[in-house]
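The values are calculated or read from the model by the stated rules, or taken from the named source; none is laboratory data. Bear in mind that the values here come from a model prediction, so they are computed numbers and not experimental data. Ligands, DNA and RNA are excluded from the accessible area calculation, which covers all protein heavy atoms including side chains. Shrake-Rupley method; radii C 1.70, N 1.55, O 1.52, S 1.80 Å.
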Amino acid sequence: MNKKLRFREKQDHETVHHQIQRSESVNSFDSVEALIRHDAGETPVPETVRRRLQGSIAAEPRSRVWWRYLFGRRR
Amino acid sequence: MTETAETCSARKEEEPPPIAECADFAAIYDGHSRAIYYLALRYLGDAAQAEDVAHDVFLKAYRNLKGFRGEAGIRTWLYRIAINHCRNVTQTWHKRHIFSNADEALWQSAPSDQPDPLRNLETKELGERIQRTLKALSEEYRVILLLAADEHLSYAEMATLTEQTPDAVRGKLYRARKAFIQHFQNPLP
């Protein structure tokens, strides 16, 4: 029983210590903008966006200039 | 049918080399995608919607790049497209009354390359807290804070994007910061 109590106390202490550490990191920003900038820096763009975009661009209609050369520029 | 040297040369004048064009656009994407995606993510609070918006914004930019005269910076132009897209998405969402586990999807879909699990957790929790705080603000305050956080934007550019004067932007930003801090420190249950 004593071992369980000591283990639980140790867990609680670690939880509180972790919370304090986290709150200190949150309060270490100079401004709201700095906080948001930090969050933005930690937020990568999913690679799926690039792949989808590449697919969409590849599917875009090509320039129609080539039609002129197929049928001749001068009529 | 083979092309003559004359027609080939004429074609090059009318049609920009595709490789150079792609390289320019790739540079635009690499330089601005994070900013645009982040704005969409924090505006909408939904990673899947943010991906859609980011894709649509850059596709639209690609289609209209030749017509871009450069009156405003590229990033300002992209932000304008993104903000309009986000507003359209929000209006469509309200019309359809679609409910989703957006918060869960948000935190599951963003990969992190940080090896430290504790750091990962801190980053994730901070992001969640910022998202909840921004969600509690008006759309106007949310947009102005997200734009102000971008160091590439001037007050004049923010004013253009939000359709008000730079002085009005400064005043609104001051109030937005206060509201953010209030909600950040006293989150709703």
Can you give the three extents of the C-alpha atoms in region B:23-87 along their principal axes, from longest to shortest, in whole Å? 32, 22, 16
Just to make sure I understand: if all protein chains stay in place, what is the order of B:42, B:177, B:170 by accessible area at 1.4 Å, largest first? B:170, B:177, B:42
Please give the solvent-accessible surface of residue A:28 in Å², to the nearest 10, using a probe radius of 1.4 Å with every protein chain present. 80 Å²
Rounded accessible area of residue B:121 (nearest 10 Å², 1.4 Å probe): 70 Å²
List B:167, A:30, ordered by accessible area with a 1.4 Å probe, largest first: A:30, B:167
Heavy-atom accessible surface buried between A and B, both sides counted, 1.4 angstrom probe, nearest 100 Å², is 3800 Å²
